[in-house]
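Inspection log for the structure reproduced underneath, given as structure tokens.
Every number here is computed from the coordinates shown, using simple stated rules; none is lab data. Small disclaimer: the values here were computed from a predicted structure and weren't measured. Virtual Cβ from ideal backbone geometry, glycine too; neighbours counted across all protein chains shown.
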Amino acid sequence: MAAACDWAGNTVARSAGDGKWPAAAFLSAADEVAEIIRRLAVEDVAALPLLSRATCRDLVLAAGQLTFRRASPIVGSPGRLVRQDFDLTVDFPPESPYRHLATALDALLAEACASLDPPAVDPTIGFHLNDLILQRYPAGSEGITPHRDHVNYKGLVAVVPLSGSGAFYICADRAGNGRREVPAPVGSLVLMRAPGYRCDRPRPFHCVSNIGAERYSFGLRYDVTRETCEMAAV
Ligand SMILES: O=C(O)CCC(=O)C(=O)O
């Protein structure tokens with residue numbers, strides 16, 4: 001166990017994940033994460049505190065060492081176009097804190113999933129976080145319009161907002177109808193269902209907007225088409 005501070009500055013003791021993520025113990029334990037994974041059967045998204053603000057600040061500082069590129073402003077096919085207004089990187093050196101965070105979060109999610117009976121995530125899909133992306137939205141950015149994550153992403157989709165302001169919404173459809181803001185302050189672990197999550201509800205439409213101050217968000221997914229497991233190299 002290690003000590004950490006929650007959003008209110010209270011000291012809490014939580015699992016620190018693996019040994020390479022010692023300075024930033026998670027603010028929520030595996031049983032709490034299991035509970036939000038379980039809730040995804042009836043809710044499109046669920047979130048809980050994961051990282052302290054100090055840890056998020058350190059991660060944003062570390063992002064200064066990474067090389068970003070502009071995201072394509074429009075992706076998708078006619079009728080399913082998505083506008084996106086951010087820079088991104090998927091290049092994380094082996095000793096990057098982002099990789100250590102991913103390894104530790106992978107372990108936390110595995111522990112949480114293992115405690116659920118019946119399993120929420122189909123154990124045969126081999127869920128693990130092998131697809132990492134850091135997104136940087138400039139102040140005033142349009143964010144990303146309503147979309148669903150690709151079907152190749154299986155099990156669970158995780159997003160951790162690290163800085164700035166912005167609103168994360170769940171929507172009923174691609175037009176953004178029924179938009180509902182999900183409280184997800186900096187340091188949250190935001191989870192969504194992906195194929196392989198055992199329920200018959202569809203992948204949720206979601207979007208991000210109202211970027212008032214530069215926002216970083218770290219996305220962690222399991223891309224089933226990847227032949228090599230990036231995590232194995234960590
Ligand atoms: O930046 C975020 O908080 C989430 C972005 C997102 O929805 C996506 O990249 O699919």
**Prompt:** So how much slack lies between GLU35 and ILE125, counting 0.36 nm per residue of separation and subtracting their Cα-Cα distance, in nm?
**Reply:** 30.3 nm
**Prompt:** What FRET efficiency comes out for the pair GLU111/ARG198, r = Cβ-Cβ distance, R0 = 22 Å, nearest 0.05?
**Reply:** 0.75
**Request:** Sort out for me the Cα centre separation of the stretch 156-175 from the stretch 43-69, rounded to whole Å.
**Result:** 13
**Complete:** Calc'd 3J(HN,Hα), the stretch 192-198, phi into Karplus 6.51 cos²θ - 1.76 cosθ + 1.60 (θ = phi - 60°), Hz, glycine/Pro = x, comes to 10, 6, 9, x, x, 7, 7
**Prompt:** Which value at 222 nm does the chain reach when only helices count, each DSSP H run of 4 or more adding -39,500 (n - 2.57), with the total divided by all residues and rounded to the nearest 500 deg cm²/dmol?
**Reply:** -5500 deg cm²/dmol
**Asked** When only Cα pairs under 8 Å and 6 or more residues apart are kept, what is the percent relative contact order across the stretch 11-141?
**Response** 29
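On full extension of the chain, what length is gained from ALA213 through THR67, given 0.36 nm per residue of separation minus the C-alpha to C-alpha distance? Walk me through the numbers on the way to the answer.
Values: separation 146, 0.36 × 146 = 52.56 nm, distance 2.03 nm.
So the chain would gain 50.5 nm between ALA213 and THR67.
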**Request:** Assuming R0 = 45 Å, can you tell me the calculated FRET efficiency for the pair GLU95 and ASN177, based on Cβ-Cβ distance, to the nearest 0.05?
**Result:** 0.50
**Prompt:** Once the principal axes of the Cα atoms of the stretch 78-172 are found, what is the range along each, listed largest first in whole angstroms?
**Reply:** 42, 37, 23
**Fill in**
In nm, the gap between the two label points placed 7 Å beyond Cα toward Cβ at ASP223 and ILE74 is 2.4
**Asked** What value does the chain have for Rg/Rh, both radii from Cα atoms and Rh as Kirkwood defines it?
**Response** 0.93
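Tell me the relative contact order for the chain as a rounded percent, counting alpha carbon contacts under 8 Å between residues six or more apart. Provide the component values of the computation, followed by the final result.
Numbers: 532 pairs, mean separation 56.5, N = 234.
Across the chain, relative contact order equals 24 percent.
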**Prompt:** Most exposed first by the Cβ proxy, i.e. fewest other Cβ within 10 Å, how do LEU191, LEU108, LEU61 rank?
**Reply:** LEU61, LEU191, LEU108
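Could you give the size of the charge dipole of the chain about its Cα centre, using +1 on the Cβ of each K and R and -1 on the Cβ of each D and E, expressed in debye and rounded to the nearest 20?
Here the chain has a charge dipole of around 580 debye.
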**Complete:** Counting only residues 5 or more apart in sequence or on a different chain, those whose built amide H sits under 5 Å from that of VAL182 are PHE168, TYR169, ILE170
**Message:** Based only on other Cβ atoms within 10 Å, what is the fewest-to-most ordering of TYR137, TYR153?
**Reply:** TYR153, TYR137
